[in-house]
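The values are calculated or read from the model by the stated rules, or taken from the named source; none is laboratory data. The structure presented is a predicted model; accordingly, all values stated were derived computationally and were not measured. Because the Cβ atoms are built from the backbone with ideal geometry, glycine has one as well, and the counts that use them run over all protein chains shown.
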């Protein structure tokens with residue numbers, strides 16, 4: 001990886017840690033108060049999603065996102081995260097049948113992080129999505 005990609009991945013990791021802490025904390029709290037696993041997972045994920053978009057758009061992929069229309073960025077971002085949420089919910093709900101819900105959530109995190117980074121980097125915030133004159 002080149003230096004710019006390394007820096008983008010490091011920023012993505014920081015944003016991911018923040019988003020994951022928000023997601024996991026809200027999920028754990030909702031589970032503690034008896035909210036169903038699937039509902040808790042979706043609610044926690046959606047709250048962390050708003051934080052994730054703001055930070056990734058303005059900081060992690062700011063140079064590659066460039067002047068792309070915000071509606072287009074949001075659409076692609078939401079598609080990547082819709083798949084992430086679906087994968088996360090399936091993994092958590094299956095694993096929660098045989099272990100504590102927070103443990104199931106923790107196991108799902110590395111899989112979802114990898115998918116999300118690749119989806120955002122290669123498609124949602126990709127410099128290839130911009131006209132050639134706007135590429136870095």
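Numerical summary
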{"item": "Considering residues of the range 59-72 that are surrounded by fewer than 16 Cβ atoms within 10 Å (Cβ to Cβ) and either part of a helix (DSSP H, G or I) or under 15 Å from the mean Cα position of the chain (by Cα) (or both) only, the residue modelled with the highest pLDDT", "result": "59"}
{"item": "Checking residue 113 against (1) surrounded by fewer than 20 Cβ atoms within 10 Å (Cβ to Cβ); (2) at pLDDT 90 or above, the condition it does not meet", "result": "(2)"}
{"item": "When residues of the range 6-33 are limited to those that are more than 21 Å from residue 46 (Cα to Cα) and without any contact (Cβ under 8 Å) to a residue 40 or more places away in the chain, the one surrounded by the most Cβ atoms within 10 Å (Cβ to Cβ)", "result": "7"}
{"item": "Subset of the range 73-110 [surrounded by 14 or more Cβ atoms within 10 Å (Cβ to Cβ) and not in a helix (DSSP H, G or I)]", "result": "96"}
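Each row is one residue, and each column tells you yes or no for (1) touching a helix residue (DSSP H, G or I) at 6+ places or on another chain (Cβ under 8 Å); (2) outside any helix (DSSP H, G or I); (3) over 18 Å from residue 95 (Cβ atoms).
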site: 10; (1), (2), (3): no, no, yes
site: 16; (1), (2), (3): yes, no, yes
site: 21; (1), (2), (3): no, no, yes
site: 26; (1), (2), (3): yes, no, yes
site: 45; (1), (2), (3): yes, no, no
site: 48; (1), (2), (3): yes, no, yes
site: 54; (1), (2), (3): no, no, yes
site: 57; (1), (2), (3): yes, no, yes
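Residues are listed down the side, and each one gets a yes or a no for (1) at pLDDT 85 or above; (2) in contact with a strand residue (DSSP E or B) (Cβ under 9 Å, 6 or more places away or on another chain); (3) more than 20 Å from residue 79 (Cβ to Cβ):
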residue: 5; (1), (2), (3): no, no, yes
residue: 15; (1), (2), (3): yes, no, no
residue: 30; (1), (2), (3): yes, no, yes
residue: 35; (1), (2), (3): yes, no, yes
residue: 42; (1), (2), (3): yes, no, no
residue: 50; (1), (2), (3): yes, no, no
residue: 57; (1), (2), (3): no, no, no
